[in-house]
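Novice: Let me give you the structure first, and then I'll get to my questions.
What follows is calculated from the coordinates using simple rules that are stated; it is not laboratory data. What you see is a predicted model, and the numbers here were worked out from it, not measured in a lab. Ideal geometry is used to build each Cβ from the backbone, glycine not excepted, and the neighbour counts take in all protein chains shown.
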Amino acid sequence: MRRRDFLLGSAVVGTGMVLGPKTPGAREYSVSGKGETKMAFVQPPLPYAMDALAPFLSEEQVRFHYGKHHTGYFKNLNALVEGKPEADMALRDLIVQAPAGPLFNNAAQAWNHSFYWDCLKPQGSALGGALAAAIERDFGGLAKLRAAMSDAAVKLFGSGWAWLAADKQGKLQVLALSNADTSLKHGLEPILTIDVWEHAYYIDYRNERAKYVEGYWAHVDWDFANGCFARATA
Ligand SMILES: [Fe+2]
């Protein structure tokens, strides 16, 4: 990671400690700081360099998405919870409990984006293990899952997220959810997500969402998704 990327990625870390990125179980961003500079929720560092996903996503695209939009949700979230009990909650719990409105929107967008970055890996990884078997069982194979999730992502009206999620029995389903909505809110463990807000792709793809979604699949970190699937049924 280059120095300016590190500086951008760490700009909101403050005095906190970041819990293991890329660890499906460690998605609790509530961090204890010291003194008045304490920030309740900390944006995790991008798990790769800003330009590592090019040409699928250019450095400029990732820099704006991670450094402006994602960072902005954390700033808004921290302002909303300052001095309130919600500041000490795990982010996942806050998302599940928050009523519709600014607190839910910013909390969910903060979490959704951290999850989105973890779903991606510069070279991708191979699908295997229990998740491969479940995809075969519930969709008839990876090609059909890919078609179903791509279709959900491309056809979602306006801004939102396409999700692959699992219930506690490990049954998989694809969801197309608007705005900040997340499968966490529906009692389903997120396995994979595609951000289809225009800010996710407009610099590189302009209005061609389908091309962005097509490019997504070569960079999926299926090892991460398998870890999330194991968590769903644990
Ligand atoms: Fe986004």
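Novice: Please state the equivalent ellipsoid semi-axes for region 129-232: what are the square roots of 5 times the Cα gyration tensor eigenvalues, largest first, in whole Å? Write out the running numbers ahead of the final one.
Specialist: Values: eigenvalues 105, 45, 26 Å².
For region 129-232, the semi-axes come out at 23, 15, 11 Å.
Novice: I've got another one for you. Specify the inter-centroid distance of region 155-234 and region 76-146, based on alpha-carbon positions, in whole Å.
Specialist: So the separation of the two Cα centres works out to 8 Å.
Novice: Rounded, prolate or oblate: which one fits region 132-184, using the alpha carbon gyration tensor with axes a ≥ b ≥ c (rounded when a/c is under 1.5, else prolate when a/b beats b/c, else oblate)? Working shown, then result.
Specialist: On the way: a/c = 4.04, a/b = 1.47, b/c = 2.75.
Cα axes put region 132-184 in the oblate bin.
Novice: Ordered by packing density, taken as the mean number of other Cβ atoms within 10 Å over each peptide's residues, highest first, how do 171-180, 142-151 rank? Spell out each step's value before the answer.
Specialist: Details: 171-180: 18.0, 142-151: 16.4.
The peptides rank, most packed first, as 171-180, 142-151.
Novice: Between Glu136 and Gln97, what is 0.36 nm times their sequence separation minus the Cα-Cα distance? Round to one decimal in nm.
Specialist: Details: separation 39, 0.36 × 39 = 14.04 nm, distance 3.35 nm.
Gain on extension, Glu136 to Gln97, equals 10.7 nm.
Novice: While we're looking at this one, here's another question. Starting from the Cα of Asp151, move 7 Å in the Cα-to-Cβ direction to define the label point; list residues of region 179-193 whose amide nitrogen is under 13 Å from there.
Specialist: What the label zone holds, given the 13 Å backbone N cut-off, is no residue at all.
Novice: Here is a further query. If I take R0 = 35 Å and measure r between the Cβ atoms of His199 and Lys84 in this structure, what FRET efficiency does the formula 1/(1 + (r/R0)^6) give, to the nearest 0.05?
Specialist: On the way: r = 28 Å, r/R0 = 0.80.
With R0 = 35 Å, the Cβ-Cβ based efficiency is 0.80.
Novice: Can you list the aspartates and glutamates whose alpha carbon sits under 17 Å from that of Lys84, skipping same-chain ones fewer than 8 residues off?
Specialist: Partners found: Glu36, Asp93.
Novice: Note the full-extension length gain between Ala210 and Leu127 as 0.36 nm times their separation in residues minus their Cα-Cα distance, in nm to one decimal.
Specialist: On the way: separation 83, 0.36 × 83 = 29.88 nm, distance 2.24 nm.
Separation in residues times 0.36 nm, less the Cα-Cα distance, equals 27.6 nm.
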